[in-house]
Amino acid sequence: MSKRFYITTAIDYVNGQPHLGHAYEKIIADVLTRARRSLGQEVFFLTGLDEHGQKVQQAAQADQKDPQTYCDGLAADWQAFAKKLELTHDDFVRTTQPRHRACVQAVLSRLNDAGHFYKAGYTGFYSAKEETFLTEKDRRPDGTFDPSYGQVVELKEDNYYFKLGAHQQWLIDTIEGNPDFITPSYRRNEVLGFLKNNTLEDLCISRPASRLNWGIPLPFDPDFVTYVWFDALVNYVSIAAAHGDPTIAAAFGDLNFKTQNPPLELWPADIHVIGKDILKFHGVYWPIMLKAMGLPLPKQILVHGWWQKDGAKISKSTGNVVDPMAVIEEWGLDAFRFYVLRELDIGPDGNWTDAGFRARYQAELANGLGNLVNRSLSMLQRYRNGVVPARSNELEADAARAAEETRALLQQSRLQAALQSIWSLVNRANQYVDQTAPFKLAKDPAQAQRLEEVLYNLAEACRVLAVLLWPFLPGTAGKIYAQLGLEGAPDQWGAATWGGLQPGRTIGAPAPLFPRKDV
Ligand code: MSP
């Protein structure tokens, strides 16, 4: 058994329908997954839903449903959404599943037995919306709390706390010693800055069941349920445990999780893909939880930025939203996948504009890639009845350069740059059409051989592009292969080597990949 490359996303709260931000993150993880599979790695891709906690309980109440019924209904929508995005995940976790609940309780028992928790009283302010305790420090200069906290109430209650302070220096040393652990580096610096300038407060890991019962009961005190973040973070190991991961089985000894066959070696995760707002949970609490569990840390936390629309926060209440489903219906999935990854590098914040979306569709997809493939194959059809001519290597070096550069960028999870590299080949090939003018060559019988050289280079460049594009635009890549008359999917990077198109074969029927739209 060899360890799989293990990629996860944040698990989304099921208190509404998926939006652009959720889609973006899942597409990042899917492209990383497909790219590594294409490059020959065995990958396990996990995504799913965070179903417990106050947010979900309140949403269910507002919908007049019991929380489980509410979650079951929405989970079906979210799973359909994952399908619509053509995510190639291997498992879909729901935190209400018994396999996850059992693991959370095992973790809690173990940490409790090892003395990591204590019970204490608390009096102070609490934001139900953010499920977080607030202190005087959180007040604004005018004495009020930020409206993003919603209603803030004063609370007096007992809870269980996780002693974090003892691990603070260890965490600083760990992050400093592993430059790629939190990526990009400015996010890493944020965490280090926080850790070096603050004393870590202990983490409240329970909620009294009398106030919030939609959660996993503490195994050692049934009057409490588990704090939703402690519950949610454990998903990354609970699902690995459910697949029989040996590292987790060894750490948990006799806990004897039910395993599925055959067992998979998954932990530690290789990449946790998350948004910048939940970095503290993943960069501070999660490593300390793992240390307490005796498990190795994930290799990397890859932090993306947040999307706005038209320069303002995406918000259901103001109606400033992008509905991914509607965009996909109108423009196709690949146009959506392309825009979010080409427009925004993984790290900074981005801004969706409909005009920007259309401009990229028109320039890069319809006029760039689409036009290249369509005119290359149409000319081959028209001038040579679709029969592939003898091999010619004029664009070989350009294709090899693009493939090598793209491969290196994919391995560094630099998806925007990888798309730029792929488009260097698209642009080069379009320029080649203009320079060689095959439509003129076709009129001169003396240029028959030159025409064939040009046609081979174009068709072969299209084929290589299909392989490079596969992780990003799987549907389009598949269509290019089909139009070239090739069987199977362009899902193996090795096929990007020049010369794969066999002379004498007949290609299929060309059809526009990205129909031009009048806008
Ligand atoms: N349930 C927690 C995560 C638990 S992970 C163990 C949560 N859920 S969420 O639904 O609020 O957010 C899920 C992911 O979507 C987060 O990584 C978050 O950053 C991302 N996004 C939510 N809105 C976003 C944008 N507007 N733009 C980009 N990503 C955003 O947090």
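The values are calculated or read from the model by the stated rules, or taken from the named source; none is laboratory data. This is a predicted model, so every value here is computed, not measured. Cβ coordinates were reconstructed from backbone atoms using ideal geometry, including for glycine residues, and neighbour counts include every protein chain displayed. Calculation scope for accessible area: heavy atoms of the full protein, side chains included, ligands and nucleic acids excluded. Shrake-Rupley method; radii C 1.70, N 1.55, O 1.52, S 1.80 Å.
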The local net charge around residue 440, scoring Lys/Arg +1 and Asp/Glu -1 for residues other than residue 440 whose Cβ lies under 12 Å from its Cβ, equals 0
Here FRET efficiency (C-beta to C-beta, residue 404 to residue 489, R₀ 22 Å, nearest 0.05) is 0.50
Taking Cα atoms, the helix 415-436 axis meets the longest principal axis of the chain at an angle in degrees (rounded to 10) of 10
Amide H proximity to residue 216 below 5 Å, modelled H, separation 5+ or other chain, gives 226
Per the rule of 0.36 nm per residue minus the C-alpha distance, extending residue 353 to residue 321 adds in nm 10.4 nm
The farthest towards the positive end of the charge dipole of the chain, of the residues 114, 513, 417, given +1 on Cβ of Lys and Arg and -1 on Cβ of Asp and Glu, is 513
Scoring the stretch 121-196 by relative contact order with C-alpha pairs under 8 Å, at least six apart, yields a percentage of 28
For the chain, the convex hull over Cα atoms projects on average to an area in nm² of 26.7
Of the residues 462, 105, 322, the Cα lying farthest along the dipole of the chain towards its positive end, which is defined by charges on the beta carbon of Lys, Arg, Asp and Glu, belongs to 462
In degrees rounded to 10, the 0-90 angle between helix 98-113 Cα long axis and the longest Cα principal axis of the chain is 50
So the angle from the long Cα axis of helix 67-84 to the longest Cα principal axis of the chain, reported in degrees to the nearest 10, equals 20
Here the gain from full extension of residue 375 to residue 72, 0.36 nm per residue of separation minus their alpha-carbon distance, amounts to 104.3 nm
Note, the stretch 115-129: 3J(HN,Hα) by Karplus (6.51, -1.76, 1.60, θ = phi - 60°), whole Hz, Gly/Pro = x, goes x, 7, 10, 8, 9, 7, x, 9, 10, x, 9, 9, 9, 5, 4
Amide H contacts under 5 Å for residue 203, restricted to residues at least 5 apart in sequence or on another chain and with H modeled in the peptide plane, are 162, 164
Taking the dipole of the stretch 2-76 about the Cα centre (Lys, Arg +1; Asp, Glu -1; charges at Cβ), the one of 57, 70, 18 that reaches farthest to the positive side is 18
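Where only protein heavy atoms count, and the probe is 1.4 Å, what is the accessible area per residue for the chain in Å²?
41
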Shape call for the stretch 263-310, from the Cα gyration tensor axes a ≥ b ≥ c (a/c under 1.5 means rounded, otherwise prolate when a/b beats b/c, else oblate), comes out oblate
Highest mean packing first, using Cβ neighbours within 10 angstrom, the peptides 494-501, 455-462, 114-121 sort as 455-462, 494-501, 114-121
Taking alpha-carbon centroids only, the stretch 423-487 lies from the stretch 89-115 a number of Å equal to 52
Computed about the Cα centre, the charge dipole of the chain from +1 Lys/Arg and -1 Asp/Glu charges at the Cβ has a magnitude in debye, to the nearest 20, of 1100
Stretched fully, the stretch from residue 385 through residue 439 gains (0.36 nm per residue minus C-alpha distance, one decimal, in nm) 18.0 nm
Among the stretch 153-181, those whose backbone N falls under 19 Å of a label point 7 Å along Cα→Cβ from residue 211 are 153-163
Which residues qualify? For residue 44, with a placed amide H closer than 5 Å and at least 5 residues away or on another chain, they are 5, 6, 7
Note to self: C-alpha centroids of the stretch 298-377 and the stretch 22-85 sit apart, in Å, by 20
Over the chain, the sum of -39500 (n - 2.57) across DSSP H runs of at least four, divided by residue number and rounded to 500 deg cm²/dmol, gives at 222 nm -13500 deg cm²/dmol
Note, residue 413: beta-carbon cut-off 14 Å, +1 each Lys/Arg, -1 each Asp/Glu, net +1
For the chain, the accessible surface attributable to carbon and sulfur atoms (probe 1.4 angstrom, ligands and nucleic acids excluded) amounts in percent to 49
In the neighbourhood of residue 162 defined by beta carbon distances under 12 Å, the net charge of the other residues (Lys, Arg +1; Asp, Glu -1) is +1
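Could you tell me what percent of the DSSP beta bridges with both partners in the chain are antiparallel, to the nearest 5?
Restricted to the chain, the bridges split so that about 55 percent are antiparallel.
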The simple spin-label model distance between residue 517 and residue 137, using points 7 Å out along Cα→Cβ, in nm, is 4.8
